[in-house]
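Only one structure is covered here, and it is reproduced in the block below.
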Amino acid sequence: MEKKHKSGFVNIVGNPNVGKSTLMNRLVGERISIITSKAQTTRHRIMGIVNTEDMQIVYSDTPGVLQPNYKLQESMLNFSESALDDADVLLYVTDVVETIDKNESFLQEVKKENCPVLLLINKIDLTDQAKLEALVQEWKEILPSAEIIPVSALTNFNIDYVKHRVEELMPESPPYFEKDALTDKPARFFVTEIIREKILLYYQKEIPYAVEVVVELFKEDAEMIHIKSVIICERDSQKGILIGHRGQALKKVGAMARKDIERFFEKKVFLEMFVKVEKDWRNRDNMLRKFGYRLE
């Protein structure tokens, strides 16, 4: 008897810095979501697609849920909330560090979900058995219909079990994407994410959150990819910091980004980087739409 095909959307939600992107990369098996120790790293909803002969699982990483202070953050919240609308399985990620009542309003929305909810308590390598058991009990009272799974995305603990449960919960359906697809995002998107990750790692304070990266040229031939990218910031003082003394800061970030882009595409890369000021871009509708953010 022929095996029926299963497909579905598995959406990963939760507060900032609980390890959603690390988890996403473990589940997909590719370095799709950028990972740093800083909060608010993921700004868009990023899909990673896992294909087998009789199954297609579309994992979706979302920005950390937060109370927005400017329009960019409102758009990030829109991406997170949209993930509640179309999930076949919802992965609500928390950890052993954050307080349970953080972002109560979003949690109330999760409670209303009709689809299966797997509540993943991440970073269990940072606690002991007694504290973990108490935390599980607390979460059982808050989300009684959720299946609670302690995990460590960093050490890969229980990740195979999460994959197994997701596979079991997938509905019968034809595939939503081509069977060789890895993501719904184009190559340029991953270039911008890698560059932005290096900016998050290299610069301090407000700088990483005040920048956006745009790829103006992505030209690939048999031997090499030629990329021209522009780092958008909000003020002239930020531009000076990004470039650094005699351009050294920008060169350093460019060298780090180029290595990872070459690793990602498995090809030599020629990377040009420039810095441009667009005043207050995080609060300007036209700029946010241009950069692919949802404002409705």
Report summary line: Taking placed amide H atoms and a strict 5 Å upper bound, the residues 5 or more places from Val18 or on another chain that come that close are none
Query raised in the report: So how far apart, in nm, are the two label points at Phe189 and Glu53 if each is 7 Å from Cα heading toward Cβ?
Result: 3.0 nm
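Which percentage, to the nearest 5, of the DSSP beta bridges contained in the chain is antiparallel?
The answer is about 35 percent antiparallel.
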Requested in this report: Note down the accessible area of Lys123, probe 1.4 Å, to the nearest 10 Å².
Outcome: 50 Å²
Query raised in the report: Pick from Ala222, Ala134, Ala153: which is most flexible by mean-square fluctuation in a GNM of the chain where alpha carbon atoms under 10 Å apart are linked?
Result: Ala222
Query raised in the report: Which residue, Lys205, Lys140, Lys20, has the most motion in a Gaussian network model of the chain that connects Cα atoms within less than 10 Å?
Result: Lys205
Requested in this report: Check the straight Cα-Cα distances from Lys163 and name the lysines below 22 Å, setting aside those fewer than 8 residues away within the same chain.
Outcome: Lys3, Lys4, Lys6, Lys20, Lys123, Lys140, Lys179
**Report entry** Kyte-Doolittle at least 0.0, axis length at least 18 Å by Cα - qualifying DSSP helices, the chain
**Finding:** 187-202
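Can you give me the accessible area per residue for the stretch 198-261, using a 1.4 Å probe, in Å²?
53 Å²
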Query raised in the report: Given a cut-off of 27 Å, what percent of all Cα-Cα pairs of the stretch 147-296 lie beyond it?
Result: 41 percent
Report task. Please get the size of the charge dipole for the chain, origin at its Cα centre, with Cβ charges of +1 on Lys and Arg and -1 on Asp and Glu, quoted in debye to the nearest 20. Result -> 1500 debye
Report task. Apply 1/(1 + (r/R0)^6) to the Cβ-Cβ distance of Glu172 and Glu141, taking R0 = 35 Å, and write down the FRET efficiency to the nearest 0.05. Result -> 0.55
**Report entry** Choice from Leu91, Leu154, Leu200 showing the highest fluctuation, given a GNM over the chain with Cα pairs closer than 10 Å
**Finding:** Leu154
Report summary line: The aspartates and glutamates whose Cα lies under 15 Å from the Cα of Lys279, excluding any fewer than 8 residues away in the same chain, are Glu206, Glu212, Glu234, Asp236
Query raised in the report: What is the projected area of the convex hull of the Cα atoms of the stretch 152-194, averaged over all directions, in nm²?
Result: 4.8 nm²
Report task. Would you mind checking the radius of gyration and Dmax of the chain based on alpha-carbon positions, in Å? Result -> 20.0, 69
Query raised in the report: How big is the accessible area of Ile243 in square angstrom, nearest 10, if you roll a 1.4 angstrom probe over the protein chains?
Result: 60 Å²
Query raised in the report: Kirkwood Rh, Cα Rg: Rg to Rh for the stretch 133-230?
Result: 1.12
Query - D_trans [Stokes-Einstein, Kirkwood Rh over alpha-carbon pairs] for the stretch 252-292, 25 °C, 0.890 mPa s, µm² s⁻¹ - result: 196 µm²/s
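Mind checking the stretch 142-241 for chymotrypsin sites (Phe, Trp or Tyr not before Pro) that DSSP puts in a loop (not H, G, I, E or B) and that have at most 15 other Cβ atoms within 10 Å?
Qualifying residues, ordered by number: Tyr176, Phe177.
The values are calculated or read from the model by the stated rules, or taken from the named source; none is laboratory data. The structure presented is a predicted model; accordingly, all values stated were derived computationally and were not measured. Cβ atoms come from the backbone with ideal geometry, glycine included; neighbour counts cover every protein chain shown. Each accessible area value is taken on the protein alone, full model and side chains, heavy atoms only, with ligands, DNA and RNA left out. Shrake-Rupley method; radii C 1.70, N 1.55, O 1.52, S 1.80 Å.
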